[in-house]
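Just so it is clear, none of the values below were taken in a lab; they were calculated from the coordinates. Quick caveat: nothing in here was measured; it's all calculated off a predicted structure. Cβ coordinates were reconstructed from backbone atoms using ideal geometry, including for glycine residues, and neighbour counts include every protein chain displayed.
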Amino acid sequence: GLELSHCVGTNPLGPAGPWRSGGPCKMKRVRTVFKPEQLERLEQEFLKQQYMVGTERVDLAATLHLTETQVKVWFQNRRIKWRKQSMEQKAAKLSQFGVIQPASADSTGSKDHEEDPVDVEL
């Protein structure tokens, strides 16, 4: 397979921040594939609140048999996507007044071509 067994130590974006304390290389991040029912529950929680506090995140992760990190990253990605969509909606409104060109043919966030969330390196 194409798995990278060695740890990639160099960060192309300059020096690593304090959170990358050069500790032992944990396994290479593999993209988490969430089950539909997990996603459904995550989406429900997101509608209630965009930010998860520690204890709730721990509980939700346990309920869904996910790690706290997976839940945290999902929420980060979901907020990015949510902000992007609300920005697109603002852009669409502005474009009606001929201020700017619309970003895409339809910014209504139709479900059929949803792109993958970004995977955040921790």
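What's the extension gain from Glu37 to Ser86 if we count 0.36 nm per residue and subtract their Cα-Cα distance?
15.1 nm
Dipole magnitude of the stretch 34-93 about its Cα centre, charges +1 at Lys/Arg Cβ and -1 at Asp/Glu Cβ only, in debye to the nearest 20?
The dipole of the stretch 34-93 has a size of about 440 debye.
Of the peptides 89-95, 56-62, 32-38, how do they stack up when ordered by the mean number of other Cβ atoms within 10 Å, highest first?
My ranking of the peptides, most packed first, is 56-62, 89-95, 32-38.
Apply the a/c threshold of 1.5 to the C-alpha gyration tensor of the stretch 34-93 and tell me whether it is rounded, prolate or oblate.
prolate
Compare the peptides 63-69, 46-52, 73-79 by average per-residue count of other Cβ atoms within 10 angstrom and give them in order, highest first.
Descending mean neighbour count gives 73-79, 63-69, 46-52.
Can you tell which of Met87, Leu47, Val58 lies farthest toward the positive end of the dipole of the stretch 34-93, using +1 and -1 charges on the Cβ of basic and acidic side chains (Lys, Arg; Asp, Glu)?
Met87
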